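Undergrad: The structure follows.
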Amino acid sequence: GHAEIFWNGTAWKVALFVMTLPYSDALFVCAFPRECTEAFHEGHRRAFEFFGGVPSRISYDNSRIAVSKFTGARERELTTEFLRLKSQFLFVSHFCLVRRANEKGHVENLVGYARRNFLVPVPQVAGITELNERLENQCREELSRTVRGKDQPKQILLDEERAQMLPLPREGFDPARVATVSANSLSLVSFDRNEYSVPTECAHRELTVSAGIDEVRVL
């Protein structure tokens, strides 16, 4: 989803990453300047750390970040970057049927819930880091709430749910997007609609770009 914020007094639209656990109704929300592969990866990493484990199965809408080709009603050819994410955390992915809003209603409802309860009035922040600190604190406060139809707070249900989750991997996950690029005769490389200068000795050579949320490295 997306939401409006004031970033140093200027109106911005940010992308929201939302993950929810249907048994406990625990909710994790964080914001990024835009929707992209590295934000998708970083959102997963932060959500798993927040929940204290990795769900064994995760349902998705058919985002192009994860899906490169449809091969059947539920079958998908996955992108290299999504496969890298799965191979690190070892969860099973499940994709919603196309044009079946009922299959993803739970998370879509909570995108709206997060907007109404966490982002109204429109927050005024000095940066995305400040906004995400606020959002995480609000998600933690949510864990003390008891949802209608359940007789225990979200935190207790999450503790039960965590026992069924996969453990967090011992090695950290690098959420950066990795791509191979070629430097032209002007010692410039093009990546993600931007050009970056490199030392002149790199002209006409293949290089590797590692693009994270906060920085782009050319190697």
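The values are calculated or read from the model by the stated rules, or taken from the named source; none is laboratory data. The model shown is predicted, which means the values in this text are computed figures rather than measured ones. Please note: Cβ atoms are built from the backbone with ideal geometry, for glycine as well, and neighbour counts cover all protein chains shown. With ligands, DNA and RNA removed, areas are computed over all heavy atoms of the protein, side chains included. Shrake-Rupley method; radii C 1.70, N 1.55, O 1.52, S 1.80 Å.
Undergrad: Can you find, within segment 182-203, the residue that is nearest to Leu85 (Cα to Cα) among those that are of a type in the set (A, V, I, L, M, F, W, C) and over 23 Å from the mean Cα position of the chain (by Cα)?
TA: First pass over segment 182-203, keeping only residues of a type in the set (A, V, I, L, M, F, W, C): 183, 186, 188-189, 191, 198, 202-203.
Still in the running and over 23 Å from the mean Cα position of the chain (by Cα): 183, 186, 188-189, 198, 202-203.
Working: Ala183: 28, Leu186: 35, Leu188: 30, Val189: 26, Val198: 29, Cys202: 30, Ala203: 32 Å.
Taking the candidates together, the pick is Val189.
Undergrad: Among the numbered criteria (1) open to solvent by 70 Å² or more (accessible area, probe 1.4 Å); (2) part of a helix (DSSP H, G or I), which one does Leu131 miss?
TA: In the conditions (1) open to solvent by 70 Å² or more (accessible area, probe 1.4 Å); (2) part of a helix (DSSP H, G or I), Leu131 misses (1) alone.
Undergrad: In addition: Out of all the residues in segment 51-60, is one or more under 19 Å from Gln138 (Cα atoms), open to solvent by less than 70 Å² (accessible area, probe 1.4 Å) and either not in a loop (DSSP other than H, G, I, E, B) or not aromatic (Phe, Trp, Tyr) (or both)? Spell out how you get there, then give the answer.
TA: Keep residues of segment 51-60 that are under 19 Å from Gln138 (Cα atoms), which gives 51-52.
If we keep only those that are open to solvent by less than 70 Å² (accessible area, probe 1.4 Å) too, we end up with 51-52.
Then drop every residue that is not either not in a loop (DSSP other than H, G, I, E, B) or not aromatic (Phe, Trp, Tyr) (or both), which leaves 51-52.
Looking for residues that are under 19 Å from Gln138 (Cα atoms), open to solvent by less than 70 Å² (accessible area, probe 1.4 Å) and either not in a loop (DSSP other than H, G, I, E, B) or not aromatic (Phe, Trp, Tyr) (or both), one finds at least one in segment 51-60, hence yes.
Undergrad: Just name the residue that is nearest to Pro167 (Cα to Cα) out of those in segment 72-91 that are touching a residue at least 24 places away in the same chain (Cβ under 8 Å), of a type in the set (A, V, I, L, M) and surrounded by 11 or more Cβ atoms within 10 Å (Cβ to Cβ).
TA: Leu90
Undergrad: Going by what's in this entry, would Lys69 be described as over 25 Å from Phe51 (Cα atoms), at pLDDT 85 or above and open to solvent by 50 Å² or more (accessible area, probe 1.4 Å)?
TA: When the stated conditions are applied, Lys69 passes them.
Yes or no, residue by residue, for (1) open to solvent by 100 Å² or more (accessible area, probe 1.4 Å); (2) closer than 28 Å to Thr80 by Cβ; (3) in contact (Cβ under 8 Å) with a residue 60 or more places away in the chain:
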residue: Val147; (1), (2), (3): no, no, yes
residue: Gln152; (1), (2), (3): no, no, no
residue: Glu160; (1), (2), (3): no, no, yes
residue: Thr180; (1), (2), (3): no, yes, no
residue: Arg205; (1), (2), (3): yes, yes, no
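Undergrad: For segment 182-198, which positions are touching a His at 6+ places or on another chain (Cβ under 7 Å) and either part of a strand (DSSP E or B) or open to solvent by less than 30 Å² (accessible area, probe 1.4 Å) (or both)?
TA: Going residue by residue through segment 182-198, those that are touching a His at 6+ places or on another chain (Cβ under 7 Å) are 183, 185.
Scanning segment 182-198 gives a single hit, Ala183.
Undergrad: Within segment 110-128, does at least one residue satisfy the condition of being outside any helix (DSSP H, G or I), at pLDDT below 90 and on the phi < 0 side of the Ramachandran plot?
TA: We begin by selecting, within segment 110-128, every residue outside any helix (DSSP H, G or I); these are 119-127.
Checking which are at pLDDT below 90 leaves us with none.
Checking segment 110-128: not a single residue is outside any helix (DSSP H, G or I), at pLDDT below 90 and on the phi < 0 side of the Ramachandran plot.
Undergrad: Condition test on Glu206, is it modelled with pLDDT of 95 or more and within 30 Å of Thr10 (Cα to Cα)?
TA: Spelling it out, it is not the case that Glu206 is modelled with pLDDT of 95 or more and within 30 Å of Thr10 (Cα to Cα).
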